[in-house]
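Only one structure is covered here, and it is reproduced in the block below.
Taken together, the values in this text are just the output of simple stated rules run on the coordinates, not laboratory data. Fair warning: this is a prediction, and the values are worked out from it, not measured in the lab. For neighbour counting, all protein chains shown are included, and Cβ atoms are generated from backbone atoms with ideal geometry for every residue, glycine included.
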Amino acid sequence: MKSGSHLIQARELVRLAEGGHDFVLIDARAGQDARERYRAGHLRGALHVHLEEELSDIHEDLRKGGRHPLPSPQRFSVFLGRLGIGPGSHVVVCDDQGGANAAARFWWMLKAMGHEKVQLLDGGMQSALRSGYPPESGEGSTEPMPPYSGKDWELPTAGMEEVARAAAHPDYLVVDVRGEARYLGIEEPIDTIAGHIPGAVNMPYENNLDDDGLFLPPSRLHEMYSKLTGGRPASQVILHCGSGVTACHSALAMAAAGWEIPPVYTGSWSEWSRNGRAVAREV
């Protein structure tokens, strides 16, 4: 997939819809009331996916995988079939947060299944509505398909031990994409302990976006991440966040800039901070 094609602009999506092209549109808005907000109004033809119920396999003990552990590839394959997504489907995924929440996670999960044609809607559903994409309300429907053919995650992930080794090794880089206040340990609104993984550096995922909530041009993203990684290949960079969701936003940004998709620590801070691991603070 060529650089930049991981994203689709709102005008392109409108042209696809007006031209009668076949694509699967996914609404990945997250939050406790996400289903209700989807039913109240969404982009025409969009199907909703739920972060907690369908894109995660949440355990009672958050020490095992954190707040949003990945489901098994087999379970996700069945879910993709229910959405009418097969290996040849063109999938467009959006949310209302610039792709920062479950939209990027769904993009990453599809890429990890080996799916080629999946794009995130740049600027989110708001951008599409401003460009004239028609809205609708109610519950979406589609023709189900057999389970997707993928049998395992094909993108690299990292676990706690690997992250600990990488954070202490000069040839590797662990990148924390949470906001600076959480990284520094000034505040922690979600997890139980404030701070960061010792040795990790901070590059908030919001830095991927401009003031209008659109991804920066590929050239600027490439410059930004080249400076951050200091010449390391993507295979020696590990991305993490609070629970393995917004890290996917930075994985997408790097891919859009022409990088290979780096490993993601799927348990992230929500797992690390609950396992008695060392915590760094800069306050």
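Ellipsoid semi-axes for the range 58-99, based on the Cα gyration tensor and the rule √(5λ), read 25, 17, 7 Å when sorted largest first. Residue 10 sits among other residues whose Cβ lies under 11 Å from its own Cβ, and their net charge, with Lys and Arg +1 and Asp and Glu -1, is +1. For the range 78-181, the list of GluC sites (Glu not before Pro) that fall in a loop by DSSP and count at most 15 other C-beta atoms within 10 angstrom reads 116, 139, 154.
Loop-located chymotrypsin sites (Phe, Trp or Tyr not before Pro) in the range 168-247 (DSSP state other than H, G, I, E, B) with a sparse environment of at most 10 neighbouring Cβ atoms within 10 Å are absent. Pairwise Cα distances in the range 47-141 exceed 18 Å for 51 percent of all pairs. The GluC sites (Glu not before Pro) found in the range 1-93 that occupy coil by DSSP, while having at most 12 further C-beta atoms within 10 Å, are 60. I'd like the distance separating the alpha-carbon centroids of the range 192-257 and the range 19-85, in whole Å. Each part reduced to its Cα centre gives a spacing of 23 Å. Taking the chain as a Gaussian network of alpha-carbon nodes connected by springs under 10 Å, the highest mean-square fluctuation of the residues 49, 264, 201 belongs to 201.
Rounded to the nearest whole Hz, the Karplus-based 3J(HN,Hα) values (6.51 cos²θ - 1.76 cosθ + 1.60, θ = phi - 60°) of the range 250-261 follow the sequence 6, 4, 5, 4, 5, 5, 5, 8, x, 7, 5, 7, with x at glycine and proline. The orientation-averaged shadow of the Cα convex hull for the chain, equal to a quarter of the hull surface, comes to 14.2 nm².
Taking every C-alpha pair closer than 8 Å and separated by at least 6 residues, the mean separation divided by the residue count of the range 7-136 gives a relative contact order of 37 percent.
Contact order for the chain, expressed relative to its length and based on alpha carbon pairs under 8 Å spaced 6+ residues apart, stands at 24 percent.
Taking 237, 78, 163 as the candidate residues, the one with maximal mean-square fluctuation in a Gaussian network model of the chain, Cα springs under 10 Å, is 78.
Packing here is the average count of other Cβ atoms within 10 Å per residue, and on that basis the peptides 275-283, 20-28, highest first, run 20-28, 275-283. Run a plain Debye calculation on the range 157-272 (Cα atoms as equal point scatterers, no solvent) and give log10 I(q)/I(0) at q = 0.15, 0.24 Å⁻¹, rounded to two decimals, same order as the q list. With no solvent term, the Cα-only Debye profile gives -0.59, -1.44.
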